[in-house]
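A.B. asks: Below you'll find the structure I mean.
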Amino acid sequence: MSISIRRITKRFDDFVALDDVSVEVARGSLTALLGPSGSGKSTLLRIVAGLETADEGTVFIDEKNVTGRPPQERGVGFVFQHYAAFKHMTVYDNVAFGLKIRKRPKAEIAERVAQLLKLVQLEGLAKRYPSQLSGGQRQRMGLARALAIDPTVLLLDEPFGALDARVRAELREWLRRLHDETHTTTVIVTHDQEEAMEVADNVAVMSNGRIEQVGAPREVYEEPANEFVMTFVGQAHRVGDGFVRPHDLEVTLEPNGSTREVMIDRVVHLGFNVRVDLVDRDGARLSVQTTRDRAELLELVAGQIIYVRPTRHTTFT
Amino acid sequence: MGRLSLRFAALGYLTLILIGPLVMMVWRTAEDVDGAWTAISDPDTLSAFKLTLMVTAIAVVVNTVFGIVCALVIVRGDIRGRGFLNAFVDLPLSLSPVIVGFSLLTLYGLDGWLGWFQRNGYEILFATPSIVLATIFVTLPFVVREVVPTLREVGTEQEQAAETLGASGWQTFWRITLPCIRWAVIYGVVLTAARGIGEFGAVAVVSGNFAGETQTATLRVEDAYQFAYGNYAPAYGISFVLAATAVIILVAMILLQPKESRH
């Protein structure tokens, strides 16, 4: 294991940020810590980096117990949500920082920085200052800076959170490709389940300072361990005594034994998919995801009464 | 129309209160340039300028170092009472310099708590050390006041990034923290220097005002004015030099302002 987090507890005054958390991160993997804000995911990442100290528990990086060691001795690359760019330094000096601290020869630094800038597609911008870069460029610089020290593990704290949707999607894809090239063990903190599903091999879902489930994206989505994971990773509606995902509801125009009667509130076209927002007799809201073709075939319009039936239904005990 | 009259009021006010007296003084200096020059080049005047510069230089260095330390404690320290410290730093701004001087007299006087020095021949009062102490006292807030808000604004993320990249605390300070707050420090230094050069009240009480020895430039102006016997040229001449210095400092300050960071 590249990172081994064992029984970490962290309190801020009366608030328990992390409650007896254990996670293992395999060497060369890309793991996402996924959870809503306040779930403790960033705190956990900062404890791994040594930027925060745990009240209890231990952290191992590369089989070495680093609990209580300062960040300087951990060999982690850390990428911050708001970039933490050194504003008074050029892109070159930002990326070279860790190497200069390590007193590497000038020629070696120049070569390594050039190589990294190429990797993050910032060639030609070496002499710019961070204020002259876009958000996406700044974050790529932050990544190059973190990679410069050849970190044992790369830790990213909501790295794309401050960027607009389009740049975020681009960088996400790019990060995945980068990881496939470098194979640096990476942990990414995110509250965006789509991001976690797209980027990571392994997802650890957190809430209220606890790990709810760890597994491959598909596993977490298809076989959620509990109600929280079911509703947080992907959409789900409570139907009867269980939950159902919007694409696991079948729409019919006529009732049959097991269907529920609902009224269409709104039909939302999302390109290939159509989301139909519904209200049932008790006023409970749910939605169905279906294809555009099917929605057109059934001629779904707001105000119409239709019938739905779950094709797949998950219950938790 | 309203905006025009507002502008007129502001300019008129500044002219009457600030520019008027200074222009008048420059005018009087120009009327007797020889007399002014004689006073300026007098050995005792030169010694006064030298003393003022030396004292100011010491105050600037001391208050820059401790000012940055205090600001770091106020913003980052996790000690109790930093709010108290933050308020306390402003004391010299609200306290009359005369009282500052008088309290130093009391502390270092023969029967003061620190009277040991004076009793054993280490002259503090009526000598350069007391002038330095008084000047440091009155100029203490400026660097702290400039650096505190900047430190708050900069935050700690850049420093944390430097730490993860292997920089020690000391390296982080020199390579990250200090460059981040440099404009605030420079601005604070300029204000400290201006205030130090101009200090009169506290120094007047503790220095002894011996011409050629413990007389600072502002004290010399006061002397030249008190004992003018109708010849005010020396007072105008020395004042002119001090006022010119202040203007140069002001201009330097404007030139130093980075375009983006100040209102």
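A.B. asks: List residues of the range A:242-264, by number, whose backbone nitrogen lies under 12 Å from a label position 7 Å along Cα→C-beta of A:Val279.
C.D. replies: Residues A:263-264 fall inside that zone.
A.B. asks: Based on the Cβ-Cβ distance of B:Lys50 and A:Tyr129, what FRET efficiency does E = 1/(1 + (r/R0)^6) give at R0 = 41 Å, to the nearest 0.05?
C.D. replies: E between B:Lys50 and A:Tyr129, to the nearest 0.05, is 0.45.
A.B. asks: Given the options A:Gln81, A:Gln304, A:Gln235, which has the most mean-square fluctuation in a GNM of chain A, springs set between C-alpha atoms less than 10 angstrom apart?
C.D. replies: In this elastic network of chain A, the residue with the biggest mean-square fluctuation among A:Gln81, A:Gln304, A:Gln235 is A:Gln304.
A.B. asks: If I stretch the segment between A:Asp19 and A:Lys103 completely, what's the gain in nm (0.36 nm per residue apart, minus their alpha carbon distance), one decimal?
C.D. replies: Contour length minus the Cα-Cα distance gives 26.2 nm.
A.B. asks: Would you work out the relative contact order for the range A:63-157, in percent, from Cα pairs under 8 angstrom that are 6 or more residues apart?
C.D. replies: 50
A.B. asks: If you average the sequence gap of Cα pairs under 8 Å that are 6 or more apart and divide by the length of chain A, what percent do you get for the contact order?
C.D. replies: 18
A.B. asks: Would you work out if the range A:60-110 is rounded, prolate or oblate? Take a ≥ b ≥ c from the square roots of the eigenvalues of the alpha-carbon gyration tensor; rounded if a/c is under 1.5, else prolate when a/b is larger than b/c, oblate otherwise.
C.D. replies: The shape class here is oblate.
A.B. asks: Now for a separate question. With θ set to phi - 60° and the Karplus curve 6.51 cos²θ - 1.76 cosθ + 1.60, what are the ³J(HN,Hα) couplings of the range A:223-228 in order, to the nearest whole Hz, using x for Gly and Pro?
C.D. replies: Result, ordered by residue: 10, x, 6, 7, 4, 4 Hz.
A.B. asks: Please check: in the Gaussian network model of chain A (C-alpha springs, under 10 Å), which one of A:Ala85, A:Ala32, A:Ala110 has the largest mean-square fluctuation.
C.D. replies: Judging by the Gaussian network model, the answer is A:Ala110.
A.B. asks: Quick one: in the range B:32-256, what % of C-alpha pairs are over 24 Å apart?
C.D. replies: Looking at the range B:32-256, the distances longer than 24 Å represent 53 percent of pairs.
A.B. asks: List the relative contact order of the range A:84-211 as a percent without decimals, with contacts defined as Cα pairs under 8 Å and 6+ residues apart.
C.D. replies: Worked out over the range A:84-211, it gives 23 percent.
A.B. asks: Amide H neighbours of A:Arg266 under 5 Å, at least 5 residues apart or on other chains, H built in the peptide plane: list them.
C.D. replies: A:Asp277
A.B. asks: Next question, about the same structure. Calculated from DSSP H runs of 4 or more alone, at -39500 (n - 2.57) each and per residue, what is the 222 nm mean residue ellipticity of chain A, nearest 500?
C.D. replies: Taking each H run of at least 4 residues, the total per residue is -8500 deg cm²/dmol.
A.B. asks: Choose one answer from A:Asn65, A:Asn256, A:Asn226: the residue with the largest mean-square fluctuation in a GNM of chain A with alpha-carbon springs under 10 Å.
C.D. replies: Comparing A:Asn65, A:Asn256, A:Asn226 in the GNM, the peak value goes to A:Asn256.
A.B. asks: To continue, here is another question. Using the membrane-span-like helix rule (whole DSSP H runs, Cα extent along the own axis of at least 24 Å, mean Kyte-Doolittle hydropathy at least -0.5), which helices of chain B qualify?
C.D. replies: What comes out of the filter, once short or polar helices are dropped, is B:43-76, B:178-198, B:233-256.
A.B. asks: Amide H to amide H, which residues 5 or more places from A:Gln213 or on other chains are under 5 Å from it, using H placed in the peptide plane?
C.D. replies: It is A:Val205, by chain and number.
A.B. asks: Helix-only estimate, please: 222 nm mean residue ellipticity of chain B, summing -39500 (n - 2.57) across DSSP H runs of length 4 or more and dividing by its residues, to the nearest 500.
C.D. replies: So the helix-based figure for chain B works out to -23000 deg cm²/dmol.
A.B. asks: Starting at the first residue of the range A:149-158, write each ³J(HN,Hα) from the Karplus equation 6.51 cos²θ - 1.76 cosθ + 1.60 with θ = phi - 60°, in whole Hz, x for Gly and Pro.
C.D. replies: Residue by residue, the range A:149-158 yields 8, 6, x, 5, 9, 10, 10, 10, 9, 6 Hz.
A.B. asks: Next question, about the same structure. So how far apart, in nm, are the two label points at A:Ile305 and B:Ser94 if each is 7 Å from Cα heading toward Cβ?
C.D. replies: The answer from the label model is 7.5 nm.
A.B. asks: Which shape class applies to the range B:1-114: rounded if a/c is under 1.5, otherwise prolate when a/b exceeds b/c and oblate if not, where a ≥ b ≥ c are the square roots of the Cα gyration tensor eigenvalues?
C.D. replies: Since a/c reaches 1.5 but b/c is at least a/b, the shape of the range B:1-114 is classed as oblate.
A.B. asks: Going 7 Å from the Cα of A:Glu250 along its beta-carbon direction, which residues of the range A:289-312 have the amide nitrogen within less than 13 Å of the resulting point?
C.D. replies: Residues passing the 13 Å test: A:307-312.
A.B. asks: Counting only residues 5 or more places away or on other chains, whose amide H sits under 5 Å from the amide H of A:Ala26 once H atoms are built in the peptide plane?
C.D. replies: Amide H neighbours of A:Ala26: A:Ser2.
Values quoted throughout were computed directly from the atomic coordinates according to the rules given, and no laboratory measurement underlies them. If you're wondering where the values come from, they're calculated on a predicted model, not measured in any experiment. Virtual Cβ from ideal backbone geometry, glycine too; neighbours counted across all protein chains shown.
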